[in-house]
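Beneath this line is the structure, given in structure tokens, with notes to follow.
The values are calculated or read from the model by the stated rules, or taken from the named source; none is laboratory data. Not measured: the values here are computed from a predicted model. FYI the Cβ positions are ideal-geometry reconstructions off the backbone, even for glycines, and counts take in every protein chain you see. When the accessible area is computed, the model is the full protein with side chains, heavy atoms only, and any ligands, DNA or RNA have been set aside. Shrake-Rupley method; radii C 1.70, N 1.55, O 1.52, S 1.80 Å.
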Amino acid sequence: MTILGIETSCDETAAAVVSTTGDQGRPWHLRSNVVASQTDVHREWGGVVPELASRQHVRDICGVVERALSDAACNWGDIEALAVTQGPGLVGSLLVGVSFAKAAAASLGRPVVAVHHLAGHIESIWLEHGEVPLPAVVLVVSGGHTSLYEVRQRGVYRLIGRTRDDAAGEAYDKVARLLGLGYPGGPVVDRLARTGNDQAVALPRPRFTGPSRSKPHLEGMTEFSFSGLKSATVRLLQKRMADGPLSDAETADVCASFQRVVVETLVDRTFSAAAGIGARSVGIAGGVSANSRLRADAAARGLTEGLPVFVPALSLSTDNAAMIAAAGLRRIERGFSSPLDFNADPALTLD
Ligand code: KG4
Ligand code: ZN
């Protein structure tokens, strides 16, 4: 089967073509993956402006889909199903993708499957690596989410923990904004942190003792919180900046120290959860999984604990439609299709 995936939940207009291969070990073949980023539109505002985002999606969607088809050397007649992000996300942005996908499905007489954005991030791991030992614990860490899922069966995701307040990517973006590093902040902080001293600045590490949402035996091991760290970093910077701007070396030290705390927290919680459920592998997906230290530290911890760690390629870490196509194929494999009257749902849940 050949499926066209469409993703417009935030500020990237994306389309991709994925085909099934019939090979159990590598069931999906990525044929094209096109992303039109709106970063330049939103940069001057320091973050995504919903109204500008939806208008830009309307401008870009046709060209992006045409490009995905031509990169995959196929035409509309080759598309046997469509998958589209139904939510969560910005409603005006989601509506562009959902309307486009439903209209294309209706005119082609092909099925359309509604996909949860985080199911897409999770499936990016399977798209990249084929099979992954189960049960797996998957950390989805992005600008909007920091959540841990247990995957015991392909395509079945059970939420076992999440952030109580900010997402990790949100904290990255906020700290970067204060440092005057622009939007999105994660990639710049990641780059600058490489030259900084990660012990230079003392920042608090979030701790929990309360029971986890759905798995009491995982007591406090699977919850995240980044608002305390974010506020502490902001306070420290505001105090320091009252005496004048930071030198490049100081900026690098703040980035490295902040990143150390975020990454240690993410890695510790993920591996505690993996031990708690007896996982045979660990996956890390979402925009922040592009982070170089997170990748390196998780791989090192995996080696120490004898657990394989799977992350998607960088092009599949941040928002893209290939992961949506993959999640759509997974839903179809499980016998699911969506009626044509489904709607965008900005608060869609997965579990
Ligand atoms: O998954 P994504 O593209 O969009 C959402 O679903 O939110 O994630 C975007 C987030 C942003 O907060 C961005 O700063 C962060 O991922 N990000 C990174 C890196 N690359 C992107 N954070 C840390 N290090 C990176 N290299
Ligand atoms: Zn995302």
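If you scale each eigenvalue of the Cα gyration tensor by 5 and take the root, what three semi-axes come out for the stretch 137-269, rounded to whole angstrom and sorted largest first?
Values: eigenvalues 183, 44, 28 Å².
Values for the stretch 137-269, descending: 30, 15, 12 Å.
Please report, as a whole percent, how much of the solvent-accessible surface of the chain comes from carbon and sulfur atoms (probe radius 1.4 Å). Present the calculation step by step, with values, prior to reporting the outcome.
On the way: 7330 of 14200 Å².
That share works out to 52 percent.
Quick query: amide H of Phe310 versus all other amide H atoms, modeled in the peptide plane; which residues come in under 5 Å with a sequence gap of 5 or more or a different chain?
Under 5 Å from the amide H of Phe310: Val282, Gly283, Ile284.
Based on the mean of other beta carbon atoms within 10 Å per residue, what is the order of 8-16, 86-94, 279-287, 157-165, most packed first?
Details: 8-16: 29.4, 86-94: 23.2, 279-287: 25.1, 157-165: 19.6.
Output ranking for 8-16, 86-94, 279-287, 157-165: 8-16, 279-287, 86-94, 157-165.
Show Leu294, Leu203 ordered by accessible area, largest first, where the area counts protein heavy atoms only and the probe is 1.4 Å. Could the numbers behind the result be given before it?
Working: Leu294 0, Leu203 25 Å².
Sorted descending by solvent-accessible area, the residues read Leu203, Leu294.
Which one, Ser9, Pro50, Trp28, projects farthest toward the positive side of the charge dipole computed for the stretch 6-56 from Cβ point charges (K/R +1, D/E -1)?
Highest projection toward the positive end goes to Trp28.
In terms of modelled amide H atoms, which long-range or inter-chain residues lie less than 5 Å from the amide H of Val112?
Leu82, Ser338
If R₀ is 41 angstrom, what is the calculated FRET efficiency for the pair Arg205 and Asp345, using the beta carbon separation as r and rounding to 0.05? Can you show the working numbers first?
On the way: r = 35 Å, r/R0 = 0.85.
Efficiency, rounded to the nearest 0.05: 0.70.
Within the chain, what is the number of lysine pairs with alpha carbons under 30 Å apart, leaving out pairs fewer than eight places apart on the same chain? All intermediate terms of the calculation are to be shown ahead of the outcome.
On the way: Lys174/Lys230; Lys174/Lys239; Lys215/Lys230; Lys230/Lys239.
Going through the chain pair by pair, I get 4.
Take the alpha carbon gyration tensor of the stretch 1-155, find the square roots of its eigenvalues, order them as a ≥ b ≥ c, and report rounded if a/c is under 1.5; if not, report prolate when a/b exceeds b/c, else oblate.
oblate
Quote the accessible area belonging to Glu333 in square angstrom, nearest 10, computed with a 1.4 Å probe and with ligands, DNA and RNA left uncounted.
Approximately 100 Å² for this residue.
Could you compute the net charge surrounding Pro27? Neighbours are other residues with a C-beta less than 9 Å from the C-beta of Pro27; K and R count +1, D and E count -1.
Details: positive: Arg26; negative: Asp23, Glu131, Glu333.
It works out to a net charge of -2.
Please report the relative contact order for the chain, taking Cα pairs under 8 Å with a sequence separation of at least 6, and give it as a percent rounded to a whole number. It would help to have the intermediate numbers written out before the result.
Details: 790 pairs, mean separation 88.7, N = 351.
RCO, the chain: 25 percent.
What is the sum of charges around Gly228, taking Lys and Arg as +1, Asp and Glu as -1, for the other residues whose C-beta is under 11 Å from the C-beta of Gly228?
Values: positive: Arg164, Arg205, Arg207, Lys230, Arg235; negative: Asp165, Asp166.
With Lys, Arg at +1 and Asp, Glu at -1, the net is +3.
Rolling a 1.4 angstrom probe over the protein heavy atoms, how many square angstrom per residue are accessible across the chain? Kindly include the intermediate steps, with their values, before the conclusion.
Values: 14200 Å² over 351 residues.
Here the residues of the chain average 40 Å² of exposed surface.
Suppose only helical runs count, i.e. DSSP H with n ≥ 4. What mean residue ellipticity at 222 nm does that imply for the chain under -39500 (n - 2.57) per run, divided by all residues and rounded to the nearest 500 deg cm²/dmol?
Working: 11 runs with 152 residues, N = 351.
After summing the helix terms and dividing by the residues of the chain, the value is -14000 deg cm²/dmol.
Mind grabbing the accessible area of Asp198 for me, 1.4 Å probe, Å², rounded to tens?
40
Under 14 Å from the Cβ of Leu52, count the other residues' Cβ atoms, weight Lys and Arg +1, Asp and Glu -1, and hand me the total.
On the way: positive: Arg43, Arg55, Arg59; negative: Asp11, Glu12, Asp40, Glu44, Glu51, Asp60.
Summing Lys and Arg as +1 and Asp and Glu as -1 gives -3.
Give the peptides 53-61, 336-344 in descending order of average Cβ contacts within 10 Å, highest first. Could you put the intermediate results ahead of the total?
Working: 53-61: 19.9, 336-344: 14.3.
By packing density, highest mean first, the sequence is 53-61, 336-344.
Within the chain, which complete DSSP H helices have Cα atoms spanning at least 15 Å along the helix axis and a mean Kyte-Doolittle hydropathy of 0.0 or higher?
91-108, 248-277, 322-333
Taking 10 °C and 1.306 mPa s as the conditions, I'd like the Stokes-Einstein D for the stretch 77-213 in µm²/s, using the Kirkwood hydrodynamic radius from alpha carbon pairs.
On the way: Rh = 18.1 Å.
Answer from the Stokes-Einstein relation: 88 µm²/s.
For the chain, what is the convex hull volume of the alpha-carbon atoms per residue, in Å³? Provide the component values of the computation, followed by the final result.
Working: hull volume 45.0 nm³, N = 351.
Hull volume over Cα atoms, normalised by residue count, gives 128 Å³.
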